[in-house]
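The values are calculated or read from the model by the stated rules, or taken from the named source; none is laboratory data. Everything numeric in this text was worked out from a predicted model, so none of it was measured. Every residue, glycine among them, receives a Cβ derived from its backbone with ideal geometry; neighbour counts consider all protein chains shown. Note: accessible area is taken over every heavy atom of the protein model, side chains too, but ligands, DNA and RNA are not part of it. Shrake-Rupley method; radii C 1.70, N 1.55, O 1.52, S 1.80 Å.
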4 protein chains.
Amino acid sequence: MKNKKSQYEIFREKVKIILYGTNTILGRMFDLVLLGLILLSVLLIMLDTVQGISSKYHYQLLICEWVITVFFTIEYILRIISIQKPVKYIFSFYGIIDLLAVLPMYLSIFLPGASILSIVRALRFLRLFKILHIPQINHQSLQLKEAIEASKEKILVFIYFVLISTVIIGTIMYLVEGRESGFTSIPMGIYWTIVTLTTVGYGDISPQTPLGQFIAAFVMILGYGIIAVPTGIVTAEFAKSSLKNSTVSGKKTCRKCQSQVHFDNAKYCYECGTELPNN
Amino acid sequence: MKNKKSQYEIFREKVKIILYGTNTILGRMFDLVLLGLILLSVLLIMLDTVQGISSKYHYQLLICEWVITVFFTIEYILRIISIQKPVKYIFSFYGIIDLLAVLPMYLSIFLPGASILSIVRALRFLRLFKILHIPQINHQSLQLKEAIEASKEKILVFIYFVLISTVIIGTIMYLVEGRESGFTSIPMGIYWTIVTLTTVGYGDISPQTPLGQFIAAFVMILGYGIIAVPTGIVTAEFAKSSLKNSTVSGKKTCRKCQSQVHFDNAKYCYECGTELPNN
Amino acid sequence: MKNKKSQYEIFREKVKIILYGTNTILGRMFDLVLLGLILLSVLLIMLDTVQGISSKYHYQLLICEWVITVFFTIEYILRIISIQKPVKYIFSFYGIIDLLAVLPMYLSIFLPGASILSIVRALRFLRLFKILHIPQINHQSLQLKEAIEASKEKILVFIYFVLISTVIIGTIMYLVEGRESGFTSIPMGIYWTIVTLTTVGYGDISPQTPLGQFIAAFVMILGYGIIAVPTGIVTAEFAKSSLKNSTVSGKKTCRKCQSQVHFDNAKYCYECGTELPNN
Amino acid sequence: MKNKKSQYEIFREKVKIILYGTNTILGRMFDLVLLGLILLSVLLIMLDTVQGISSKYHYQLLICEWVITVFFTIEYILRIISIQKPVKYIFSFYGIIDLLAVLPMYLSIFLPGASILSIVRALRFLRLFKILHIPQINHQSLQLKEAIEASKEKILVFIYFVLISTVIIGTIMYLVEGRESGFTSIPMGIYWTIVTLTTVGYGDISPQTPLGQFIAAFVMILGYGIIAVPTGIVTAEFAKSSLKNSTVSGKKTCRKCQSQVHFDNAKYCYECGTELPNN
């Protein structure tokens, strides 16, 4: 009995190394196969919505989808079984994504059309960074995250002001242009304002009266200045973190006064004059 | 008599705490209700312009608008009564907004259609920052304001040059393309130039002749470089203020030589070597 | 005779003060009137191309244009007469603009339609900076000019690369999409590529085939990264000049070693330790 | 025999100086003629696709193309003959381009229509930088390359995230809008998302339902923030390299302590106080 349990233990250990590990050849190969299957699966779901393809190959595409879904299901179960703390995995970001990636297909048995939700599998691509384990890319990714994180608040405050402005501008345009030019309601005016301020400019709605075009030109020039603000915010954060990383990486600590912000090439503490340790 | 006056005093004091205060539970709850009502009111005004909704529920929407307007009116009167210096409030930015938020509905009794101007209530959302009192957000808001303020002049000078250019380019396009392509007049040509330079690009007017398209391509590449300028201006200001705030906030002054630009974590004056005071 | 000559001298002196000076009340008033007339003139030329207005008021507009033209002509002659070195003025930037501002109207006597070229008067607005003499704005204007000047070369090199790319991409799109989708020739394909890379996106020509749309998506994402480059160039220049201006304005020179790049608040020369002079 | 070989040697030497050299008058003239022929050739290929011109002058254009092709072929052969290490040239970037520039015309004898691929000649323009030998432009070009190189990784990580988002957003829009609004499939939805996120905004497909427009507005505001990220990345790199190049170019090394990061105008080592060598 004890022997059998041990065999199960060995099996679990092996599965864990293949599923979670990235150092063995098998683990690495599994990761590549997984990424390939995710890509294939996402492409199949996409193609199934293209009318020309769907009408011809719907049946074949469906079979492929089911095969991949069963594979993902087995993988999901094995991931739960093989790990020490399965609950932690199940409620982790990746655990939830892994579950959501298989659910829609089973749901589609009762609810035809739900299979399209399998597109959420695209989020499994995020696992790439876990798989790659390239410190440089992880570092870049972290720096990106940091800069975006740091600028998030300022950008939210900024968008709050922009949204209030769009309500006012949208109403003015609705009053000036009226229903004939496509400004059928205030929400439509706000939609147009956002389309214009962000410089997307579809052209499905565009001002027709001279006054409307004058105001539109004003909004565009305003948008000109406005688009500079989030860019400015993010860039400043990048520059700061980039500067910090390049000249003051915080790797040096004074043995005497414990100060940490030294230039990477500094030899003496700027606070107490003690010699700094070499990296 | 004195007792009654005192009761009125107590009432005023209570109202003031609820309306202006943000520390008591009642004051906080009132602020939340107020924000909710502003949001509701703005949504109602918007929906009333959507034809499908307006034709069915116009009456109900109108009643809601009036209820909210009466609430805002009472709030406005109470704000005037309860405060020490009512005149200062009335002519303050928020005071004028609060008045403009209720006026249009009363005006609509005589002038049907004026009720739409109530959309100006959207500006009451700006009060959010007063309400929240989150120092971090107020700090962000201030930093945004500072950077925009500092770059305002440069951007105005820049827009002045851009506007002169649009007149010249707009005239050239009017001459080259002519009325057939939609360039019906010089102002229309200028409108097109602004639409193109800002990269909005509606496509309602677009050059049709080879020469016109060649000039347009040139204008776009020009716009490419031009859009970089306001971004550069704002970003530089952000970087400056961001850098200043993070490492040299100017909070330290040397007791001996009165120098002020020290790193926030500096302990000794870089000018005379005197120990700096701790924050 | 000598007396008369002297009177002419006095007249010239007076005219010079009014035309070129900005310190006397008359000189300042003349500048304001001039700017007003330029604005009026440009607006009149614009309005004359708007069909509804031109058909009704063409005659009145024409008279106004002629009055302003005569005024500008007299001003031009007086500017030449009153100045010490008339040749230098005539061949200066402003001198040429002033001449070009009046020529088209006289040309229109022989060549009807040439009057529209009077729009070149818009360039006379540039004189505003000479008139205003606000050191702060002149400083901003200079800083703008410096940063654009400094980034010009890099941007030209960059545009050279972009133009080569547009030729290749434009040809590929012409081959892929063909004449049916509006890609009637390689120059048209290049035009589309520029419209897309600069994110203007008129939509007058847009890919219709799946492969064309795939390539277009790729070009857009490329344009995403590409638009960042000129912005990055200009911003870096701004940041540099802004940083330089704020902390190292070059106003301090060491009396002993003549070094000039000191922090504005530096007290001792970083090169030889000599005390720096106070501003 | 030896004499003849020597003559051939002299011929090779002469050809090499003309083709590869830029210091002699002949070499410089050849480079100019070459650039002119490349420009002419590219223009001819373009014009041959314009229907009006092609139908009239196709024969003349073809002859010109053949003359230029023969010239390029002779040049290519001479380049191989005259250089010391022909294999290195043949497989170099410029060598491959030079070959690809002539191949399509010879291919077009068997495969009519292949001649259009001669457009690849546009890439020969890149030789300009080799020809010009202006150190300043080469320096700028290098700085550009460095900054783009340094930001490449971060931008790729960023685009990876953006692409995953476009799959999700594209699917949502396909489900919300449906085939009637032009969202005929998920790939079409992704195409629309890329068109919108990059603020190109053709308007060939645009949301028609209120919910779709609401989501679109959200995507645009997202794109607002998102477009700031690559700009931020590139700008930070530029600022870093620009700052590095302008004040701390690393050209000075302390003779005593071997420290390298000195201000370009520093005279004494900031680490050990030793006098720095003059450049």
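Points worth noting:
- One residue from D:I119, D:I109, D:I169 being in contact (Cβ under 8 Å) with a residue 24 or more places away in the chain and closer than 30 Å to D:I68 by Cα: D:I119
- Criterion violated by B:E65 - all others in (1) open to solvent by less than 50 Å² (accessible area, probe 1.4 Å); (2) in a helix (DSSP H, G or I); (3) of a type outside the set (F, W, Y); (4) under 14 Å from B:I131 (Cβ atoms) satisfied: (4)
- With respect to (1) assigned to a helix (DSSP H, G or I); (2) at pLDDT below 90, the lone exception for B:T166 is condition (2).
- Subset of segment B:24-54 that is in a loop (DSSP other than H, G, I, E, B) and within 14 Å of chain A (Cβ to nearest Cβ) - its residue that is farthest from B:K130 (Cα to Cα): B:V50
- Here D:G21 meets each of (1) out of contact with any helix residue (DSSP H, G or I) (no Cβ under 6 Å at 6 or more places or on another chain); (2) of a type outside the set (F, W, Y); (3) under 26 Å from D:K130 (Cα atoms) with one exception, condition (1).
- Qualifying residue in segment B:81-98 (condition: touching a residue at least 12 places away in the same chain (Cβ under 8 Å), under 19 Å from B:I38 (Cα atoms), of a type in the set (F, W, Y) and facing chain A (nearest Cβ under 9 Å)): no
- Per-region count, segment D:169-193, residues open to solvent by less than 60 Å² (accessible area, probe 1.4 Å) and assigned to a helix (DSSP H, G or I): 16
- Qualifying position, being surrounded by fewer than 16 Cβ atoms within 10 Å (Cβ to Cβ) and of a type outside the set (V, I, T), among D:Y59, D:Y76: D:Y59
- Every residue from segment A:185-239 that is more than 7 Å from every other protein chain (Cβ to nearest Cβ), free of Cβ contacts under 8 Å to residues at least 24 places away in the same chain and under 31 Å from the mean Cα position of the chain (by Cα): A:M188, A:G189, A:W192
- Tally of residues being crowded, with 16+ Cβ neighbours inside 10 Å and either of a type in the set (K, R) or modelled with pLDDT under 90 (or both) across segment D:90-116: 2
- Residue match in segment C:145-167 (condition: within 30 Å of D:S206 (Cα to Cα), open to solvent by less than 10 Å² (accessible area, probe 1.4 Å) and in contact with a Ser or Thr (Cβ under 9 Å, 6 or more places away or on another chain)): yes
- Filter result for C:D48 (touching a His at 6+ places or on another chain (Cβ under 9 Å) and either surrounded by 11 or more Cβ atoms within 10 Å (Cβ to Cβ) or under 24 Å from B:I186 (Cα atoms) (or both)): yes
- Considering (1) surrounded by fewer than 12 Cβ atoms within 10 Å (Cβ to Cβ); (2) part of a helix (DSSP H, G or I), the lone condition that B:Q84 does not fulfil carries the number (2).
- Which listed residue is touching a Leu at 6+ places or on another chain (Cβ under 8 Å) and either part of a helix (DSSP H, G or I) or of a type outside the set (S, T, N, Q) (or both), from C:I155, C:I159, C:I226: C:I226
- Scope segment A:46-80; condition among the hydrophobic types (A, V, I, L, M, F, W, C), farther than 21 Å from A:L32 by Cβ and in contact with a Ser or Thr (Cβ under 9 Å, 6 or more places away or on another chain); matching residues: A:M46, A:L47, A:V50, A:I53, A:L61, A:L62
- Flag for C:L128 being closer than 20 Å to C:I17 by Cβ, facing another protein chain (nearest Cβ under 10 Å), under 15 Å from the mean Cα position of the chain (by Cα) and open to solvent by less than 90 Å² (accessible area, probe 1.4 Å): yes
- Flag for D:Y57 being farther than 19 Å from D:L100 by Cβ and assigned to a helix (DSSP H, G or I): yes
- Evaluation of D:T22 against the conditions (1) under 30 Å from C:T171 (Cα atoms); (2) touching an Asp or Glu at 6+ places or on another chain (Cβ under 7 Å) shows that the sole unmet condition is (1).
- Comparison of C:Y106, C:Y160, C:Y174 shows that the only residue that is within 27 Å of the chain's Cα centre (by Cα) and closer than 30 Å to D:Q51 by Cβ is C:Y160.
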